[in-house]
Amino acid sequence: MTLARRRFDALIIGAGGAGLNAALQLANANLRVAVVSKVFPTRSHTVAAQGGVNAALANVFEDNWHWHMFDTVKGSDYLGDQDAIEFMCREAIPTVYELEHNGVPFSRLDNGKIYQRAFGGQSQNFGGAQAARTCAAADRTGHAILHTLYQQNIRARTHFFDEYFGIELIRDEEGAILGALTLEIETGEPLLIEAKTTLLATGGGGQVFRTTSNAHINTGDGMAMALRAGVPLMDMEFFQFHPTGIAGRGMLITEGVRGEGGYLINKDGERFMERYAPNAKDLASRDVVSRAIVTEVKEGRGCGPNADHVLLKVDHLGEDIIAKRLPGIRESSKIFAGVDPAVEPIPVFPTAHYMMGGIPTDRLGQVVIPAADGSEQIVPGLYAAGECACVSVHGANRLGGNSLLDILVFGRAAGQQIINNLKDSPEHRPMSEAAIDQAMAKLTRWEQPGEGISVRELRDEFRKVMEDHAGVFRTDEIMAEGVEKVKALREKLKDVRLGDQSKVFNTARIEALELENLIDIGMAIVLSALERKESRGAHSRPDYTERDDVNWLKHSVYFKEGDRLDYKPVQTKPLTVETFPPKPRVY
Amino acid sequence: MKFFVYRYNPDVDTAPHMQEYDVEVSRGMMLRDALMEIKRQDEAFAFRHSCGEGVCGSDAVNANGQNLLGCTTPVSELKEPVHVRPLPGRPVIRDLVVDMSQFYQQYRAVKPYLIHKDPLPEQEILQSPEDRDKLDGLYECIMCGCCSTACPSFWWNPDKFHGPQALLQAWRFLADSRDQATDERLDALEGPYKLFRCHTIMNCVESCPKSLNPTKAIGKIKELMLKHSI
């Protein structure tokens, strides 16, 4: 059988906000762009983003991008690269206006401008009064943005490969990326897509944890593909636990609820955030609020029969605000928690939510392999944007409203940089048969017959191990055990067999390929976490409780080959303004 | 709890059949959880699902005769035994997975994107809260397909009738104060099929898991057409 092939100027893997915003730039520039997505584009997980996207439009209170930048640097616990953060906060403003021009149905203020709400970690004047910087379409902002971007791509006639799974990147001997091997899920047939440039926009991998706000599809496929192509992952120990998932289920309750005036209480009805963050209270940074909730529960002040969660009180906002600003949350609370927030508080507990780390890129979306001396080597033909990438703008902790911003700004920047680079590369580079065979082996491995461990079994075990050994509080002992367990599970992968060898829409095969990806990034997380001997942002260690700027103000860089860890300095120099030097982080 | 699930794998089956499964029900279990449990028991069972919270629109199925989302339907609300079938009227690819391409084509056919012809302002295009309110009940569509695949007119003419989902989106742009293509949008909806095959049966309204009302939107389009023709 001959392998089917297609050729494009650019290949984009992933059709969330980053992939679609990049695709839109390319299609508008009349380039041949293929978007490969394992689900129909509007099913991508951007659709689930609720609260909004940050931009200093100053529609509600005085604001500017420099304040936004300060908040983001502080939120990152000073691990974010300040050049990239400056770029993002400046670009935020035209990016949001462009979205609006493209049709996003933002909520509106009385003067007709875009509605902006308060979110955690936002301030005016470098740490002063609360800012209102999050542009919102009710509490369905991600949905509104994703659908709009898909719609504009229809207009621009972007070429979509819906329900195609990206299996492996194809490399040449110089390490340049030449495209990817994909699998058409409906037919079960492989398709080789050759491209002058490839953009990974595959999103996060929250499915590494058992309780997560992330969708079934968030399995870190692009990150794992990069790892296997010799590209490292950066800052993987920083995994954000969102403070308010529906207790026991994990579905997200947006920070916008607290932005609109909702607050957390423990079993005594105490507004406990006042103790942990006297100024910002419930709108402190996410890592701070998550730890506070876990501490309340650990110290016996949790709610419910098992004292295992806290409550998010909303009813005092009144029926009108809830119906107008938080309709989606009300619906979710009724369905999944059985409570109407207009009447009763919502039971909440932190849920695995977001990967700050990912594939290292520069601020133009180009994938770079960082060296310890701070120099960076570009991987020819490879780009990454969105949650799968690490620019790094979120550092050790991401602020709410900055993830939609990240995917949009850097998706757009990557698209534009690809356009620039394509001007200098008119030809496709040749692809060797050996490289194709190597990628095909990823697929044929699952055709091995016989009895073995099932994908489900290993997947369940793995996700439990990650939850137990890489959660909110991390000690040396717990994590060292986690590393051994993940290594053992990775070994066990060899013994996993697929019972279902059929071709047509074989979701078991997809889940097998996803499991390999999950375990690859799980290893990156536990190893990076074990080695970082300090507490910073989302990475919180009872055995090293302080942030250590002398030894650890640096990015972790994990390579799959030999499970090797390396480090690179943080870029503390912004583009045009003064550096924000590390300070104690209080809210 | 007993489930009868539609099974058809073109690689091995000559005809579809209903297969029985027993699922242990836990508190708060949704139909999607039950289907995932069935997949645990039987790896070869295929269905689409993703977000698990009713926003991605992947897991629309037909349970006990009703089109719904698996992830937002508590099993406790379903009469036992539960019969789970693929969405009606669409070609089955495998098990509960159907071919939605005609549905997507109809969506594309209504030009579901904002068309603004004036030069763009440096900031946002202004829109009053009242004008923005007109988009509520329209933009929230998750394209799950529950409505169009419950519509007898769409069953008959999926190639010519846009169906409730696409028409709801047609109205979403007609209703947007920022859109400047009203005439061409209305012209494109002329003819006996695209819009006018709607006979207000209202299955769409009944089946929408987001409580949207395509029939009302279709009525609004017709009203606007009438206004424009005189």
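Data for the structure
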read-out: Backbone HN-Hα couplings from phi across region A:378-394 [Karplus 6.51/-1.76/1.60, Hz, Gly and Pro as x]; value: 6, 8, x, x, 10, 10, 8, 8, x, 5, 6, 9, 9, 7, 10, 9, 9
read-out: Residues A:I453 and A:S432, FRET efficiency given R0 of 25 Å [Cβ-Cβ distance, rounded to 0.05]; value: 0.15
read-out: Neighbourhood net charge (14 Å Cβ-Cβ; Lys/Arg +1, Asp/Glu -1) for A:D77; value: +2
read-out: Convex hull projection area averaged over all views, region B:98-230, Cα basis, nm²; value: 8.7 nm²
read-out: Global geometry of chain B, whether rounded, prolate or oblate, following the gyration tensor of its Cα atoms and the 1.5 cut on a/c; value: prolate
read-out: Cβ-derived FRET efficiency at R0 30 Å, A:N30 paired with A:T187, nearest 0.05; value: 0.50
read-out: Rounded FRET efficiency, nearest 0.05, which uses the C-beta distance separating A:K533 from A:E270 and R0 of 35 Å; value: 0.55
read-out: Cα-projected label distance for A:F473 with B:D22, points at 7 Å along beta-carbon direction, nm; value: 4.2 nm
read-out: Listed residues B:P74, A:P380, B:P192: farthest to the positive end of the dipole of the protein assembly as shown (Cβ charges); value: B:P192
read-out: Residue-averaged beta-carbon neighbours from other chains (10 angstrom radius) around A:215-222; value: 3
read-out: Zone residues, region B:26-60, relative to B:E80, backbone N less than 12 Å from point 7 Å out along Cα-to-Cβ; value: B:26
read-out: Between region A:519-586 and region B:33-72, the Cα center-to-center distance that results, in Å; value: 39 Å
read-out: Occluded residues from region A:497-536, i.e. those whose accessible area drops by 20 Å² or more once the chain is not alone (1.4 Å probe); value: A:D500, A:S502, A:V504, A:F505, A:T507, A:A508
read-out: Listed residues A:S540, A:S454, B:S229 arranged by accessible area, highest first, probe 1.4 Å; value: B:S229, A:S454, A:S540
read-out: Solvent-accessible area of A:K560 with every protein chain in place, 1.4 Å probe, in Å² to the nearest 10; value: 60 Å²
read-out: Most to least accessible of A:H147, A:H316 (protein chains only, probe 1.4 Å); value: A:H316, A:H147
read-out: Built amide H within the under 5 Å cut-off of A:A138, gap 5+; value: A:S107
read-out: ³J(HN,Hα), Karplus 6.51/-1.76/1.60, whole Hz, each residue of region B:137-142, x for Gly, Pro; value: x, 10, 6, 6, 3, 9
read-out: Cα-Cα P(r), region A:243-350, percent of pairs per 5 Å interval; value: 2, 14, 26, 27, 19, 10, 2, 0
read-out: Mean-position separation - Cα centroids, region A:171-195 and region A:335-357, in angstrom; value: 39 Å
read-out: Cα-based convex hull volume of chain A per residue, rounded to whole Å³; value: 144 Å³
read-out: Shape of region A:466-525, Cα gyration tensor, a/c cut at 1.5; value: prolate
read-out: Relative contact order for chain A, counting Cα pairs under 8 Å that sit 6 or more residues apart, in percent; value: 22 percent
read-out: Debye intensity ratio in log₁₀ form over the Cα atoms of region B:189-230, taken at each q of 0.21, 0.33 Å⁻¹; value: -0.71, -1.15
read-out: Surrounding net charge for A:H428, when Lys and Arg each add one and Asp and Glu each subtract one, Cβ distance under 10 Å; value: 0
read-out: Exposure rank, largest accessible area first [A:E561, A:E534, B:E37, B:E190; 1.4 Å]; value: A:E561, B:E190, B:E37, A:E534
read-out: Degrees separating the helix A:455-469 axis from the principal Cα axis of chain A, which is the longest one; value: 40 degrees
read-out: Full-extension gain in nm, A:E98 to A:N551, via 0.36 nm per residue minus C-alpha separation; value: 158.9 nm
read-out: Tensor-based shape of region B:48-95 (alpha-carbon gyration tensor, a/c under 1.5 rounded, otherwise prolate or oblate); value: oblate
read-out: Point-charge dipole on Cβ atoms (K/R +1, D/E -1) for region A:243-350, about Cα centre, debye to 20; value: 220 debye
read-out: Amide hydrogen neighbours beyond the local backbone of A:M355, cut-off 5 Å, H modeled; value: A:G205, A:Q240
read-out: Radius 12 Å from Cβ of A:G537, net charge of other residues (Lys, Arg +1; Asp, Glu -1); value: +4
read-out: Per residue solvent-accessible surface (Å²) - region A:239-379, probe of 1.4 Å; value: 35 Å²
read-out: Cα→Cβ-extended label distance, 7 Å offset, between A:A4 and A:M440, nm; value: 1.6 nm
read-out: Extreme residue, positive dipole direction of region A:386-504, given options A:Q448, A:Q416, A:M431 (C-beta unit charges); value: A:Q416
read-out: Rounded percent of accessible protein surface that carbon and sulfur make up, region A:435-587, 1.4 Å probe; value: 52 percent
read-out: Computed lengthening from A:K494 to A:E481, 0.36 nm per intervening residue step minus Cα-Cα distance; value: 2.6 nm
read-out: Accessible surface of B:S58 - all protein chains present, 1.4 Å probe, nearest 10 Å²; value: 20 Å²
read-out: Point-charge dipole on Cβ atoms (K/R +1, D/E -1) for region B:80-179, about Cα centre, debye to 20; value: 520 debye
read-out: Averaged over B:135-146, number of beta-carbon atoms from partner chains that fall within 10 Å; value: 4
read-out: Long-range HN-HN contacts of A:A389 with modeled amide H, under 5 Å; value: A:I359
read-out: Positive-end residue of A:A49, A:A137, A:L264, charge dipole of chain A with Cβ unit charges; value: A:A137
read-out: Shielding by partners, peptide B:110-117 (average Cβ within 10 angstrom, other chains); value: 5
read-out: Degrees between helix A:433-444 axis and first principal axis of chain A (Cα, 0 to 90, nearest 10); value: 60 degrees
read-out: With all protein chains modelled, accessible area of A:R509 [1.4 Å, Å²]; value: 20 Å²
read-out: Dipole magnitude of the protein assembly as shown, debye to nearest 20 (Cβ charges: Lys/Arg +1, Asp/Glu -1, about Cα centre); value: 1280 debye
read-out: 0 to 90° range, to nearest 10: angle between helix A:17-28 axis and chain A longest Cα axis; value: 60 degrees
read-out: Relative contact order computed over chain B (Cα-Cα under 8 Å; 6+ residues apart), in percent; value: 18 percent
read-out: For region B:151-167, 3J(HN,Hα) per residue [Karplus equation, 6.51 cos²θ - 1.76 cosθ + 1.60, θ = phi - 60°, Hz, x = Gly/Pro]; value: 9, x, 5, 6, 4, 6, 10, x, 8, 10, 8, 5, x, x, 4, 5, 6
read-out: Protein-protein interface of region A:144-162, residues with accessible area decrease of at least 20 Å², isolated chain reference, 1.4 Å probe; value: A:H147, A:Y150, A:Q151, A:Q152, A:I154, A:R155
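The values are calculated or read from the model by the stated rules, or taken from the named source; none is laboratory data. The shown structure was predicted, so the numbers you read here are calculated from the model rather than taken from an experiment. Cβ: placed from backbone, ideal geometry, glycine included. Neighbour counts: every protein chain shown. Areas reflect the complete protein model, heavy atoms only, side chains present, ligands, DNA and RNA absent. Shrake-Rupley method; radii C 1.70, N 1.55, O 1.52, S 1.80 Å.
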